[in-house]
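Below is one structure, written out as structure tokens; comments come after it.
The values are calculated or read from the model by the stated rules, or taken from the named source; none is laboratory data. Keep in mind it's a predicted model, so treat the numbers as computed, not measured. Using ideal geometry, Cβ is built from the backbone for each residue, glycine included, and neighbour counts are taken over all protein chains shown. We work out accessible area using only protein heavy atoms, side chains counted, and drop any ligands, DNA or RNA first. Shrake-Rupley method; radii C 1.70, N 1.55, O 1.52, S 1.80 Å.
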Amino acid sequence: MTEERRGRLVVLLGPTATGKSRCGIALARRTGGEIISGDSMLVYRGMDIGTAKPSPEELALVPHHLVDILPPDAEFSVVEFCEQAARLIADIQGRGRLPILVGGTGLYIRSLLEGYHFSSVGSDPAFRKEWEAFAAAEGTQALHDRLAAVDPAAAARLHPNDVRRVIRALETALGGEAVSRQRQERPVYDAVVFGLAMDRQFLYERINARVDAMIRAGLEGEVRRLLAAGVRPGCLSMKSLGYRQMAEYLTGQCDFATAVENIKKSTRHFAKRQLTWYRQMPYVRWLALDRGLNYEQCVSDMAALLAQQWEKR
């Protein structure tokens, strides 16, 4: 990192189903901005319904980046995100436009904003299989406890159920280089970070309604097509919300009603974990959305806050 702060950046985050895409597009149109997706799932082509990807019409309203850039069986890591997002931010700024990072993947956003440093320890398939077997036999919490013993900082960032990343962090820590965050003396970017908030009960109602809308829009068919195209249930993308549960139904592991209910329950739990992540980011400026979904006022408030923040400099 350089000693000088990098240029202006707007970040719009919040739990799933709060309307980040809608607000981000409106803010970009108002400010001459371009959107960089901070959602780990929007990178995949052909995964549209379960990811709540903006429609083609919405994507055409303003330039979008890091959307539909990979096939659904590809891997995509936080390191790759940070590298690509940093290049995009510099390019957008260089063209006199405002980069607006929109998303809900907390690790991605914090890694970019706070300058996380990831080690370059190589991957060991045998090591992974050994710890996957351990997690299957002893449970995910026991695996997470092992990580906490050797790298407490990494354990604090990772949820016990995120087995793949817990094993990767354990592999790295035992290799002698902990995956750790490198704090910057000054912010990495001249960033204004907005968060969308709403009453938890209302948020859960919206999550349930959105899952129902995904079902009506054809989520089952989308997952069926992916499986038929050779995308394995074990792929990173297919382990995500909606896809994993629907794949379990399609491979005979549960009935349809159970799959739908599991999507709703898992999404609600995910939203709760997102909020836990965001509470560790004291620089977020929260904007409350009531049941009237006052999005126009929310975007106006963001634009006014940006003008106030940057006219001082």
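In segment 236-247, the residues that are free of Cβ contacts under 8 Å to residues at least 24 places away in the same chain and surrounded by 22 or more Cβ atoms within 10 Å (Cβ to Cβ) form Cβ pairs under 7 Å with partners that are among the aliphatic types (A, V, I, L, M) and part of a helix (DSSP H, G or I), at six or more places apart or across chains, as follows: 245/259; 245/263.
Farther than 26 Å from residue 196 by Cβ, surrounded by fewer than 14 Cβ atoms within 10 Å (Cβ to Cβ) and out of contact with any strand residue (DSSP E or B) (no Cβ under 7 Å at 6 or more places or on another chain): does that describe residue 135? Taking the combined requirement at face value, the residue does not satisfy it.
Among residues of segment 90-105 that are more than 16 Å from residue 23 (Cβ to Cβ) and modelled with pLDDT under 95, those with a Cβ under 7 angstrom from a residue that is in a loop (DSSP other than H, G, I, E, B) and hydroxyl-bearing (Ser, Thr, Tyr), sequence gap 6+ or separate chain, pair up as 105/40. Residues of segment 253-296 that are surrounded by fewer than 14 Cβ atoms within 10 Å (Cβ to Cβ), at pLDDT 95 or above and not in a loop (DSSP other than H, G, I, E, B): 256, 257, 258, 285, 286. Look at segment 185-214: where a residue is of a type in the set (Phe, Trp, Tyr) and a partner is outside any strand (DSSP E or B), sitting 6+ places away or on another chain with Cβ atoms under 6 Å, you get 194/302; 202/291; 204/268. For segment 297-313, the set of residues classified as outside any loop (DSSP other than H, G, I, E, B) and open to solvent by 50 Å² or more (accessible area, probe 1.4 Å) consists of 297, 301, 304, 307, 308, listed by residue number. Filtering segment 24-39 for residues that are open to solvent by 10 Å² or more (accessible area, probe 1.4 Å), closer than 21 Å to residue 77 by Cβ and assigned to a loop (DSSP other than H, G, I, E, B) leaves a non-empty set. For segment 265-280, the tally of residues that are closer than 16 Å to residue 51 by Cβ and over 12 Å from the mean Cα position of the chain (by Cα) stands at 2.
For residue 126, which of the numbered conditions (1) over 30 Å from residue 307 (Cα atoms); (2) at pLDDT 80 or above; (3) assigned to a helix (DSSP H, G or I) fails to hold? Result: residue 126 passes all but (2). Could we say that residue 189 is buried (at least 16 other Cβ atoms within 10 Å of the Cβ), hydroxyl-bearing (Ser, Thr, Tyr) and modelled with pLDDT under 80 here? Taking the combined requirement at face value, the residue does not satisfy it. Cβ separations smaller than 6 Å between residues 6+ apart or across chains give the following pairs from segment 289-310 residues that are of a type in the set (Gly, Ala, Ser) to residues that are open to solvent by 50 Å² or more (accessible area, probe 1.4 Å): 303/30. Selection of segment 85-103 for residues being open to solvent by 10 Å² or more (accessible area, probe 1.4 Å) and within 28 Å of residue 222 (Cα to Cα) yields only 102. Can you tell me which residues in segment 57-85 are at pLDDT below 95 and either over 14 Å from the mean Cα position of the chain (by Cα) or more than 20 Å from residue 46 (Cα to Cα) (or both)? Within segment 57-85, 73, 74, 75, 78, 79, 80, 82, 83 qualify. Quick check on my filter: what residues within segment 201-233 are assigned to a helix (DSSP H, G or I) and either open to solvent by less than 30 Å² (accessible area, probe 1.4 Å) or at pLDDT below 95 (or both)? Matches in segment 201-233: 202, 203, 207, 211, 214, 219, 221, 222, 223, 226.
For segment 17-46, a residue qualifies if it is out of contact with any Asp or Glu (no Cβ under 9 Å at 6 or more places or on another chain) and under 18 Å from residue 107 (Cβ atoms), and the qualifying residues are 36, 37, 38, 39, 40, 41.
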